[in-house]
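Report on the following structure.
The values are calculated or read from the model by the stated rules, or taken from the named source; none is laboratory data. Quantities reported herein were computed from a predicted structural model and do not represent experimental measurements. Every residue, glycine as well, gets a Cβ built from its backbone with ideal geometry; the counts of neighbours run over all protein chains shown. The area values use the complete protein model at the heavy-atom level, side chains included, leaving out ligands, DNA and RNA. Shrake-Rupley method; radii C 1.70, N 1.55, O 1.52, S 1.80 Å.
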Amino acid sequence: MNVLPTGAAGHLGYYACRTLTEAGHTVRATDKEFRADLPVRVEIADLLDRPACYRLMEGVEAVVHLGNHSTFRGRDAQRVFNENMAMNMNIFQAAAEAGVKKIIFASSVQVISGNHEEHKPRAADGLPYLPLDGDVPPDPGNPYALSKQLGEIMLAYFTRQAGIVCVAIRLPWLVDDDHLGRIKSNPRRNPGARGEGFTFLHFQDAATLVDAVLRAPLIGFRIYFPASRDNRLCRSPAEVIREHFADTPLRRPLEQIDSLVDISGIERETGWLPKFSTLP
Ligand SMILES: NC(=O)c1ccc[n+]([C@@H]2O[C@H](COP(=O)([O-])OP(=O)(O)OC[C@H]3O[C@@H](n4cnc5c(N)ncnc54)[C@H](O)[C@@H]3O)[C@@H](O)[C@H]2O)c1
């Protein structure tokens, strides 16, 4: 498939470009920054430049849209929100007009977590139910999270209006091998956000999911919430629920919950399962 990853020079972009190239896709990578260690050349473009976005779509069948401000921490609210919205609209509208068939969008767990700062949940935060999945109602707590929620709404629109298959992936905290090692060696030092269900996912698993979504015969609009089977506390789901989510409604009996996130829908539709975890 001819695939355009935006944000290709970023952390996830690196894993995505490598994985998609190895999987046999024709990858046209773009970012506003140069990066030399990718398997493909990075085409430099600013996604705020509308004509540039049209040029990027030539010959493209699927867009993997990762290029955004990727955090709110320490940044200007209007800039993060306005620029993410502009990048998303420039890419989605150009894709629709160019006849792109599928769009995958890097949304965020922050759409649901109500975090006004990373790792500092609102006092009243609470999860609507456990295990979590892609149907959890939005509760954005900062302008970055709000831009991600609106990105999801935009994609539902582009599915309805342009017939594009669109998948928003609410990515949890993405980790590399070093992070994973630190969680394993000292989980208590890495409790993470309770409002995010103590979730995480290895960058490689996120990249593999992108490939699985590209290959899957999906229709319509989807929101996926993928996560590692285990949690940042490195404890059993039952222990974490008893200690941190005693009042949260459970969708099945406690003894039947093997993870704080239910990824069975993603597996059923794409065949994807995460490989990296803190478990031995
Ligand atoms: N890393 C995480 O834990 C995490 C969690 C949830 C969601 N996400 C989302 O996943 C995506 C990738 O995350 P990441 O960790 O690789 O982020 P990153 O910041 O490393 O990469 C983002 C890339 O987007 C590019 N970009 C930003 N503005 C641009 C513009 N105007 N024009 C062109 N390119 C531009 C940047 O140059 C950068 O290379 C982001 O959309 C992020 O919001 C990441």
Of the stretch 15-55, those with amide N under 16 Å from the point 7 Å along the Cα→Cβ vector of residue 1 are 16-29
In nanometres, the difference between 0.36 nm per residue of separation and the alpha-carbon distance of residue 71 and residue 32 is 12.4 nm
To the nearest Å², the heavy-atom accessible area per residue of the chain with 1.4 Å probe amounts to 45
Percent relative contact order for the stretch 15-86, counting Cα pairs under 8 Å at least six residues apart, stands at 20
Between the Cα axis of helix 143-162 and the main Cα principal axis of the chain, the angle (0 to 90°, nearest 10) is 60
Checked the stretch 2-270 with the C-alpha gyration tensor, a ≥ b ≥ c its square-rooted eigenvalues, rounded below a/c of 1.5, otherwise prolate if a/b is larger than b/c and oblate if not; verdict prolate
Taking Cα atoms only, helix 11-22 is inclined relative to the longest principal axis of the chain by an angle, in degrees rounded to 10, of 70
Once the in-chain neighbours fewer than 8 apart are removed, the lysines whose Cα is under 30 Å from residue 275 read 101, 102, 120, 148, 184
Quick P(r) readout (the stretch 138-270; Cα-Cα; 10 Å bins; whole %) gives 11, 35, 37, 15, 2
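Please compute the contact order of the stretch 2-270 in relative form: average sequence separation of alpha-carbon pairs under 8 Å and at least six residues apart, divided by the residue count, as a percent.
Once normalised by length, the contact order is 19 percent.
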Inter-part gap, Cα centre of the stretch 76-96 to Cα centre of the stretch 242-274, in whole angstrom, is 32
Taking protein heavy atoms only, a 1.4 Å probe, and rounding to whole percent, the accessible area of the chain owed to carbon and sulfur comes out at 50
Full extension between residue 161 and residue 255 adds, at 0.36 nm per residue less the Cα distance, a length in nm of 29.5 nm
Pseudo-spin-label distance residue 93 to residue 179, built 7 Å along Cα→Cβ, given in nm, is 3.3
Under the helix-only model (-39500 (n - 2.57) for each DSSP H run of 4 or more, divided by the residues of the chain), the mean residue ellipticity at 222 nm, to 500 deg cm²/dmol, is -11000 deg cm²/dmol
Simple SL model, points at 7 angstrom along Cα→Cβ for residue 129 and residue 101; separation in nm is 3.4
For the chain, the longest principal axis of the Cα atoms and the Cα long axis of helix 203-215 enclose an angle in degrees, to the nearest 10, of 60
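Going by the alpha-carbon gyration tensor, a ≥ b ≥ c the square roots of its eigenvalues, is the stretch 1-100 rounded (a/c under 1.5) or, if a/c is not under 1.5, prolate (a/b greater than b/c) versus oblate? The partial results should precede the final answer.
Details: a/c = 2.09, a/b = 1.25, b/c = 1.66.
Oblate, since a/c reaches 1.5 and b/c is not below a/b.
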